[in-house]
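These notes concern the structure reproduced below.
The values are calculated or read from the model by the stated rules, or taken from the named source; none is laboratory data. Every value quoted in this text rests on a predicted model; they were computed, and no experiment measured them. Note that each Cβ is placed from the backbone with ideal geometry, even for glycine, and that neighbours are counted across all protein chains shown. Just so you know, the surface numbers come from the protein's heavy atoms only, side chains and all, with ligands and any DNA or RNA stripped out. Shrake-Rupley method; radii C 1.70, N 1.55, O 1.52, S 1.80 Å.
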Amino acid sequence: MPATIIMGGQWGDEGKGKLTDALAAEAHVVVRANGGSNAGHTVETDQGVFKFHLIPSGILNPDCHCIVGAGVVVNPFALVEEMEMLEGRGVALSNLRLSDRAHLVLPYHPRLDQLEESERQDDELGTTLTGNGPAYADKVSRHGLRVADLLDGPSLRRKLDREVAAKNRILTELHGQEPIDAEDLYRRLLVITDRIQPHIAPSEVLVQSALDEGRSILVECAQGAMLDIDYGTYPFVTSSSPTAAGACQGAGIAPTRIDHVVAVFKAYSTRVGTGPLPTELHDATGDTIRERGKEYGTTTGRPRRTGWFDAVAARHIVRLNGVTEVTLTLLDVLDVFPTISVCTEYHVGGSRLNHIPARGEVLSSTIPHYVGTDGWLTDISGVREQEDLPAEAIAYVHFLEEALGAPITRLGVGPGREQLVSMGGAAARTLSHAR
């Protein structure tokens, strides 16, 4: 059975965890493909609110096998903390597996992350300071330690001594900081290894075998595709590829085994940290969206920047990733607005632009061109069927479908598991409602 990718279509925080949680009820396997503990998914269930950072949210389904794939960078101490939190709330972890090829985020990585960010002064990237960037840098420069290294004590010690010595030269000689104690770190890792060793496995083999057996697989991307290292708003991006192609690489799945690519978009735009956000609102409307949507980072708690839906960026992501369907979340946040705007093109120096430029300076200077649609001015959080939605809400969804070139098959109208509305429509409807 082919696999399904669930990816974020914007700058992250779109509600992927909620969708994965909902679809995992029917899935055999959920694979986390990229990112690290800098990412977060919030899922609201009848057991309360769960905040995930490394473990796939499918772990809430006791029949679902959950895999942290090779494309993820894993802080082993944060992983154990998350495991203990879940077990303390009655969630079984017997079906959790961790790729032996995943790279480790070690204590020197967050320290380097913080020092590098502080040196950027007015050009900060807005990193979460969890060390993912330096860990990915070690990975591509072939200095990284992997989960598999934890399984061989003498080899781990040899590699750790080498890397800690190199990092200590940077910390002490370049930054005047205290060094890392390699012996202490080694002993702490031995303790952590005892805790996670039963979950370590060759995850790509497990995934490929599940596909061969006809099992259904969900591949869960962290962050959003507008933060992709190649096609996002560089340099204000993440250090991995949260795209459909990146999902295949991180999960160990061939592209030919993918059947569906589901992109999750909010009904508006948000972004944490710095970097271009063309439709950003610096007014009461933006504040209202933030408060109604509870737009504060899962990992950092930072208030998210907010704006109207950016159809230029969204269309860029749909085309780049071969998106087959869209889930639109947090539509209920827009209940209070008499007019809802959508950016359909950028204006730059008198010219029109319908794609994402490579240079962030150009994107930052764009003037969004908006098309307004009528709001519905009624609470839709209790709606469970498409026919119960206000006509104006359906018109807004149809407008976005045409702008994106992909069908919107589900709507999120609240944070709960049950607050997903199935849609039956297709793209390319008329725009008679727009004005």
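Structure above, values below:
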read-out: Rounded to the nearest 10 Å², the accessible area of Phe52 at probe 1.4 Å; value: 0 Å²
read-out: Test item: Cα-centred dipole of the chain, Lys/Arg +1 and Asp/Glu -1 on Cβ, debye; value: 780 debye
read-out: Candidate residues Arg257, Arg158: accessible-area rank, largest first, probe 1.4 Å; value: Arg158, Arg257
read-out: Ranking by accessible area, most exposed first, for Ile229, Ile59 with a 1.4 Å probe; value: Ile229, Ile59
read-out: 5 angstrom amide H check on Gly224, placed H, neighbours 5+ away; value: Gly12
read-out: Cα-based helix-to-principal-axis angle, 108-119 vs the chain, degrees rounded to 10; value: 50 degrees
read-out: Rounded FRET efficiency, nearest 0.05, which uses the C-beta distance separating Ala148 from Ala254 and R0 of 25 Å; value: 0.65
read-out: Contour excess over end-to-end distance, with Cα ends at Glu183 and Lys51 and 0.36 nm allotted per residue; value: 44.3 nm
read-out: Spin-label model distance (nm) - Arg302 vs Val140, 7 Å beyond Cα toward Cβ; value: 2.1 nm
read-out: Using alpha-carbon coordinates, inclination of helix 391-404 to the longest axis of the chain, degrees; value: 60 degrees
read-out: Under-5 Å amide H pairs with Gly416, H placed in peptide plane, nonlocal only; value: none
read-out: Percentage relative contact order, the chain, counting C-alpha pairs under 8 Å, at least six apart; value: 19 percent
read-out: Which label in (i) 16, 23, 24, 18, 10, 5, 3, 1; (ii) 23, 48, 26, 3; (iii) 26, 56, 17, 1 gives the computed P(r) over Cα pairs in 20 Å bins from 0, in percent; value: (iii)
read-out: Value at 222 nm in deg cm²/dmol, rounded to 500, when DSSP H runs of n ≥ 4 in the chain each add -39,500 (n - 2.57); value: -9000 deg cm²/dmol
read-out: Computed E for His369/Glu87 - FRET, C-beta separation, R0 56 angstrom, nearest 0.05; value: 0.65
